[in-house]
């Protein structure tokens, strides 16, 4: 356990884009695309799997608010919604948070790349852990 305060607990109101009682939204400080937004439960909980029923019940409400908020400002052609759960999955802050990443025509990282999140684990690598 660390003595460091959680950066997602007690958000600065200036950082809150919108909220729904259980969740709040803020801009990602290291965005991978214009409009990259984080959805964060107010309650400190490390894992998406540990959310309380009320937090789960209001999750898609905050996702819809994020889509509307991003869409009105950035006009993306699509979205990726993702959550990293645990350090091996890339979770850097141990307070549940969900990424809503707007996607734009032509923003693929490789020539002709398609398939959304399928390039997170290079082909074949996951089999090494079975």
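Taking neighbour Cβ counts within 10 Å as the exposure measure, how do 65, 17 sort from fewest upward?
Ascending number of Cβ neighbours within 10 Å: 17, 65.
Across region 1-69, what fraction of all alpha-carbon pairs, as a whole percent, falls in each successive 10 Å bin from zero upward?
P(r) over region 1-69, rounded to whole percents: 19, 51, 28, 2.
Computed from the coordinates by the stated procedures, all read-outs in this text should not be read as laboratory data. Just so you know, these numbers come straight off a predicted model, no measurement behind them. Glycine gets a Cβ as well: all are built from the backbone with ideal geometry, and neighbour counts include every protein chain shown.
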